[in-house]
Amino acid sequence: MSKKNKLMALCVTVLCSQCLHAQPRVMSIGQLLTLADQNSVSLQAWRTQEAAAEEALKAAQAQRLPDISVSATASYWGNGHLWDRNFSNGSQIRMPHFGNNFALEAQQTVYAGGAVSSSIELARLQKQMATLERARNRQDVRFLMLGLYLNLYKQYNQLTVLRNHLKLTRQVLERMHARHEQGTALKNDITRYELQQKQLQLQLTQTQNACRIMNHQLSTTLHLPEGTEILPDTLLLDRQIDSLHEKNWQDTAAINHLGLQQAAAGIKISEQQLRLERAARRPQIALVAADHLDGPITIEVPVLDNNFNYWYVGVSLRYSLSSLFKNKHKVQQARLGVTHAEEQYRLAREQVDNAVQENYVNFLTAFTDLQTQQKNVELANESYRLVSHRYENELALLTDLLDAAHTKLNADLSLADARINLLYHYYKMKYVTHTLQECGGRTSPGLP
């Protein structure tokens, strides 16, 4: 193969690989959120913490099992010495030099003042808290991805509007050039309209660059191949949205908001910690059993070189008298912890209520804004049509045509933004009520 053919083959290979690498990918919101759930590093960290909480619960449940211990000792015994009480008349006592000890002991707690059951319940609540935290982080990640996705959609809509206006500008310029050749249009008019065309091209380039930046951010967060071009679902704007009543959203938040569930779990955790402190002031009762094999027998003189086996079963009672005065302040601290947790729950309710009310008002405003922008587009189109017709008939100045075109461009861009903003506020309502699970939403009357 000649050098020229090799070079051509290499170029074709590189171009093909780049085309495959930058394949556009149409992505719905459902696919976006699924990828966010699967690939988010933040969610993976919370899954690990939840797994650790599960193991902590199993460890707490294992406290109900009996304590069993086995010990075995082999030792070398030296000779003993025997004196009178005043350390006179000393004599040496020969000892068996090999000693051994074997013990098997078992203990089953019967009553610990509720400490064991409270520890298990505390571990269960901490696992529940870890699960709620992971779910809350999942809502945060999903809403962050939705924000980037809708922002990207807004930029693509602006690209469409700008391209349409560039097309319209070119058509006007073509007519101007024709009129200039006929002597009915000034060169200055063509220059001014070409300036507008350049401004539109600049806006188009800036918007394309913004799309590239947002695409990169989404691809990086979702761990997609480098250079992936994400295209939003074009059917998204056809989805109808029901605003519902504020009370419906408030009731939904009261049931589903993870922050409220965490605050409620916090109260239960504080109550279990109070029970644990109270349990420390109660006796502990356990069943015990043991078997010992010892040798030699040293309670006799001379020492008996024998093994001595004995066993016993019984009930153990243990009570710490010092806990009566040592744990008093800890119990009071735990009581205040319960009160604080209850206050935190009430504060969380207020914050959720305010957040829902604020975002609901913004949601309704987005409906009004969309209706206003739709009317503005109708008026701007009609104004541009009339001014363009008058300009063609030399009844209007170029400045009038430029103003009408500028107004039409702003109206079209504002309408595209208003449609996306309505979707954003709808999903934000789902986010503040922590119901950002389904990606569609209701399809009953709604999107104007």
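Here residue 340 meets each of (1) in contact (Cβ under 8 Å) with a residue 60 or more places away in the chain; (2) more than 30 Å from residue 107 (Cβ to Cβ); (3) open to solvent by less than 60 Å² (accessible area, probe 1.4 Å) with one exception, condition (3). Residues in region 271-302 that are among the hydrophobic types (A, V, I, L, M, F, W, C) and touching a strand residue (DSSP E or B) at 6+ places or on another chain (Cβ under 7 Å): 285, 286, 287, 288, 289, 290, 293, 297, 301.
Table: residues versus (1) open to solvent by 40 Å² or more (accessible area, probe 1.4 Å); (2) under 47 Å from the mean Cα position of the chain (by Cα); (3) not polar (S, T, N, Q).
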{"site": "278", "(1), (2), (3)": "yes, yes, yes"}
{"site": "292", "(1), (2), (3)": "no, no, yes"}
{"site": "298", "(1), (2), (3)": "yes, no, no"}
{"site": "314", "(1), (2), (3)": "no, no, yes"}
{"site": "324", "(1), (2), (3)": "yes, yes, yes"}
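So which residues in region 197-219 are of a type in the set (A, V, I, L, M, F, W, C), free of Cβ contacts under 8 Å to residues at least 12 places away in the same chain and over 15 Å from residue 150 (Cα atoms)? Of everything in region 197-219, just one residue is of a type in the set (A, V, I, L, M, F, W, C), free of Cβ contacts under 8 Å to residues at least 12 places away in the same chain and over 15 Å from residue 150 (Cα atoms), namely 202.
Here is a check on your reading of the model: is residue 434 assigned to a loop (DSSP other than H, G, I, E, B) and either surrounded by 17 or more Cβ atoms within 10 Å (Cβ to Cβ) or of a type in the set (Val, Ile, Thr) (or both)? For residue 434, the condition - assigned to a loop (DSSP other than H, G, I, E, B) and either surrounded by 17 or more Cβ atoms within 10 Å (Cβ to Cβ) or of a type in the set (Val, Ile, Thr) (or both) - is met. Number of residues in region 145-196 that are in contact with a Lys or Arg (Cβ under 8 Å, 6 or more places away or on another chain) and over 30 Å from residue 215 (Cβ atoms) equals 2. Filtering region 180-196 to residues that are in a loop (DSSP other than H, G, I, E, B) and either within 46 Å of the chain's Cα centre (by Cα) or surrounded by 14 or more Cβ atoms within 10 Å (Cβ to Cβ) (or both) leaves only 185. Residue pairs whose Cβ atoms lie under 8 Å apart, sitting 6 or more positions apart in sequence or on different chains, and linking a residue in region 322-336 that is of a type in the set (D, E, K, R) to a partner that is open to solvent by less than 100 Å² (accessible area, probe 1.4 Å), are 330/277; 330/280; 335/274.
Residues in region 29-70 that are loosely packed, with under 15 Cβ neighbours inside 10 Å and in contact with a Phe, Trp or Tyr (Cβ under 9 Å, 6 or more places away or on another chain): 70 alone. Determine whether region 91-100 contains at least one residue that is of a type in the set (Ser, Thr, Tyr), open to solvent by 40 Å² or more (accessible area, probe 1.4 Å) and within 28 Å of residue 282 (Cα to Cα). No, region 91-100 contains no residue that is of a type in the set (Ser, Thr, Tyr), open to solvent by 40 Å² or more (accessible area, probe 1.4 Å) and within 28 Å of residue 282 (Cα to Cα). Within this structure, residue 247 passes the test of being open to solvent by 70 Å² or more (accessible area, probe 1.4 Å), among the basic types (Lys, Arg), free of Cβ contacts under 8 Å to residues at least 60 places away in the same chain and out of contact with any His (no Cβ under 7 Å at 6 or more places or on another chain).
Being assigned to a helix (DSSP H, G or I) and over 39 Å from the mean Cα position of the chain (by Cα) narrows it down to one of 384, 360, so name that one.
On the way: 360 fails: over 39 Å from the mean Cα position of the chain (by Cα).
Of the residues listed, the single one that is assigned to a helix (DSSP H, G or I) and over 39 Å from the mean Cα position of the chain (by Cα) is 384.
Taking the criterion of being polar (S, T, N, Q), farther than 18 Å from residue 156 by Cβ, over 25 Å from the mean Cα position of the chain (by Cα) and open to solvent by 40 Å² or more (accessible area, probe 1.4 Å), the only residue of region 197-227 that qualifies is 199. Within region 276-320, being of a type in the set (D, E, K, R), over 14 Å from residue 111 (Cβ atoms) and not in a strand (DSSP E or B) holds for 277, 300, 305.
The values are calculated or read from the model by the stated rules, or taken from the named source; none is laboratory data. Computed from a predicted model, the values in this text were never measured in an experiment. Quick reminder, even Gly has a Cβ in these numbers, built from the backbone with ideal geometry, and neighbours come from all protein chains shown. Keep in mind that these areas ignore ligands, DNA and RNA; they rest on the heavy atoms of the full protein, side chains included. Shrake-Rupley method; radii C 1.70, N 1.55, O 1.52, S 1.80 Å.
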